[in-house]
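Chemist: Supplied in structure tokens, the structure appears directly below.
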Amino acid sequence: MDFRWLKREHESEAIVIFGGWAVGSQVFDHLTGAYDVLFASDFRDLNAELPDLSAYDRINLVAWSFGVVSYAHWQQGRADPFDHKVAVNGTLTPVDRMTGVPPLAMSKTIETLSQESYQLFLARAFNERQPNVPIDCVARREELCEIEARGDAQGIEFDLVWISDADKIFPTANQKRAWPDGWSRQVSAPHAPFGYFSNWQELLS
């Protein structure tokens, strides 16, 4: 697991992103706002610690896709640093026929992972073809296996859950079943919905 700053200008608030599997931080680049932004990726292990964020008045969490359950497992046994938590198109039951990614889809992704199948994944995540992006198949397969092996997470509450109505990775109906009534808000977007937001405040609230 790796933390790196995407923006650090000593703002009064910070956002920590637990990103999605095999999709980099570029999907957040266009979002504007007076926030310093820290990005977490590569969930093969969850041993990394946050840098010192004590100077911030408020710390927000945005967890996306498999970043939702990876955050929840990371949080276990640690003091909760976050004032506001937002989940985006993920659940605490990452591989589940009714409330997560269907097991067959997960196993097929692991077994057939290649440059070609990754491009198909990206097309499904964005609901349109994406430019060719190199992938480290060994590392990303290991990451999926670790996410599956860790399994479900418990005891984490989110202030807001975004659910895309055209999600082909975490099926929309599964997400709706996974979260309590009143937590979620729907957005007309694919699994990677961030192009439908123009600034961080829209995503946080």
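Chemist: Can you tell me which residue in the range 89-145 is most open to solvent (accessible area, probe 1.4 Å), limited to those that are of a type in the set (S, T, N, Q), free of Cβ contacts under 8 Å to residues at least 24 places away in the same chain and not in a helix (DSSP H, G or I)?
Modeler: The residue in question is Asn132.
Chemist: Can you list the strands (runs of 3 or more DSSP E) found entirely within the range 1-46 that contain at least 2 residues being surrounded by fewer than 21 Cβ atoms within 10 Å (Cβ to Cβ) and either touching a residue at least 24 places away in the same chain (Cβ under 8 Å) or not aliphatic (A, V, I, L, M) (or both)?
Modeler: 2-7, 35-41
Chemist: What are the pairs with Cβ atoms under 6 angstrom where one residue, in the range 162-180, is within 21 Å of Glu202 (Cβ to Cβ) and open to solvent by 40 Å² or more (accessible area, probe 1.4 Å) and the other, located anywhere, is hydroxyl-bearing (Ser, Thr, Tyr) and modelled with pLDDT of 95 or more? Sequence gap at least six, or different chains.
Modeler: Correct list of pairs: Asp165/Thr172; Asp165/Ser188.
Chemist: Also: Can you find, within the range 181-192, the residue that is most open to solvent (accessible area, probe 1.4 Å) among those that are assigned to a loop (DSSP other than H, G, I, E, B) and in contact with a Leu (Cβ under 9 Å, 6 or more places away or on another chain)?
Modeler: Only one residue fits best here, namely Trp183.
Chemist: In the range 146-161, which residue that is at pLDDT 95 or above, over 24 Å from Trp200 (Cα atoms) and part of a loop (DSSP other than H, G, I, E, B) is most open to solvent (accessible area, probe 1.4 Å)?
Modeler: Asp152
The values are calculated or read from the model by the stated rules, or taken from the named source; none is laboratory data. The structure presented is a predicted model; accordingly, all values stated were derived computationally and were not measured. Backbone-built Cβ (ideal geometry, glycine too); neighbour counts: all protein chains shown. Quick note on the areas: whole protein, heavy atoms, side chains included, nothing else; ligands and nucleic acids left out. Shrake-Rupley method; radii C 1.70, N 1.55, O 1.52, S 1.80 Å.
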